[in-house]
1. Of everything in segment 200-230 that's under 23 Å from GLY155 (Cβ atoms), free of Cβ contacts under 8 Å to residues at least 24 places away in the same chain and in contact with a Cys (Cβ under 9 Å, 6 or more places away or on another chain), which residue is surrounded by the most Cβ atoms within 10 Å (Cβ to Cβ)?
2. Which condition does SER167 not pass, out of (1) of a type outside the set (A, V, I, L, M, F, W, C); (2) without any contact (Cβ under 8 Å) to a residue 40 or more places away in the chain; (3) touching a Gly at 6+ places or on another chain (Cβ under 6 Å), if it passes all the others?
3. Among the residues of segment 5-27, are any closer than 14 Å to LEU131 by Cα, part of a helix (DSSP H, G or I) and of a type in the set (Phe, Trp, Tyr)?
4. State whether one or more residues within segment 151-164 are at pLDDT 95 or above, under 25 Å from GLN222 (Cα atoms) and among the basic types (Lys, Arg).
5. List every residue pair whose Cβ atoms lie under 9 Å apart, where the two residues are 6 or more positions apart in sequence or sit on different chains, the first residue falls within segment 53-76 and is assigned to a helix (DSSP H, G or I), and the second residue, located anywhere, is at pLDDT 95 or above and basic (Lys, Arg).
6. Out of everything in segment 170-184 that is in contact with a helix residue (DSSP H, G or I) (Cβ under 9 Å, 6 or more places away or on another chain) and surrounded by fewer than 19 Cβ atoms within 10 Å (Cβ to Cβ), what residue ends up being modelled with the lowest pLDDT?
7. Hey, any hits in segment 12-23 for a residue that's surrounded by 17 or more Cβ atoms within 10 Å (Cβ to Cβ), out of contact with any strand residue (DSSP E or B) (no Cβ under 9 Å at 6 or more places or on another chain), within 24 Å of THR198 (Cα to Cα) and not aliphatic (A, V, I, L, M)?
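The values are calculated or read from the model by the stated rules, or taken from the named source; none is laboratory data. Computed from a predicted model, the values in this text were never measured in an experiment. Reconstructed Cβ throughout: ideal geometry from the backbone, glycine too, with neighbour counts over all protein chains shown.
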Amino acid sequence: MDKAFEDYLKQFDLNNFHIKRKHIHTYRVAENCLQIADELHLSEKDKELAYQIGILHDIGRFHQFEKTNSYDDSLLDHADYGVKLLFQDGLITSFPIAKENYRIIEMAVKYHNKFAIASDLDTRTKFFCQLIRDADKIDILELSCEGIMKFYMDGVVKPNILAQVQSRSQVRINGPRTNTDNVFIQIGFFYDIYFKPTVDILFERKIIDRLKDRVKDEVACQELDRAQRYLKERFTC
């Protein structure tokens, strides 16, 4: 799987910082998928599938940056484009993946960045959609902790974004947003977590504490504390 992915990436400039960080992000998410799958005691075949989804979830990012010089999904939705590359253009056949898993992978790639997963998916497909969403969020939050993604205040958060977070909801994004808005959008991630192993990873890596240290804003830190209490209550950590 890794070799096929690296072969695909040969067309891109891996020395470009923006391409390189998505390259690294892909493997980190795949490893998160594998760790969650392992802690959920999935079968070896399903662990392999989880890893494959992690490798393919952002396959559209590289062409997105090439085409738009940005990672702005309002210009080109990278998940939808990933589905096009894999299943309309036939890129999926370049990877050692069992055909019976194509539909699961298609839906997992499509819905990993959406506000919600489609309600009409079968249980198994929905499960893997949930797994990639958790694994992806872990790394996005960790990249914010590390300063690779922006996580700082540059003004006052929009009232509708703060209201969504305070209602224990992930944030529905409409229109332009500031870095402050992005801080609260990421805080909203904690209200869209599906599995206890994900929460265990978040706490083991001290992600909420590290985000508080980075942002140093009273309102944001209060909401991070509330999110932490919510996770502990919901998953009885």
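1. Looking at residues that are under 23 Å from GLY155 (Cβ atoms), free of Cβ contacts under 8 Å to residues at least 24 places away in the same chain and in contact with a Cys (Cβ under 9 Å, 6 or more places away or on another chain), I get LYS212.
2. (3)
3. So the first thing to find is which residues in segment 5-27 are closer than 14 Å to LEU131 by Cα, and the list is none.
No; the residues of segment 5-27 include none that is closer than 14 Å to LEU131 by Cα, part of a helix (DSSP H, G or I) and of a type in the set (Phe, Trp, Tyr).
4. Checking segment 151-164: not a single residue is at pLDDT 95 or above, under 25 Å from GLN222 (Cα atoms) and among the basic types (Lys, Arg).
5. Here the result reads GLY54/ARG28; GLY60/LYS84; ARG61/LYS22; PHE62/LYS22; PHE65/LYS22, each pair linking segment 53-76 to a residue that is at pLDDT 95 or above and basic (Lys, Arg).
6. The residue in question is ASN174.
7. Yes, some residue in segment 12-23 is surrounded by 17 or more Cβ atoms within 10 Å (Cβ to Cβ), out of contact with any strand residue (DSSP E or B) (no Cβ under 9 Å at 6 or more places or on another chain), within 24 Å of THR198 (Cα to Cα) and not aliphatic (A, V, I, L, M).
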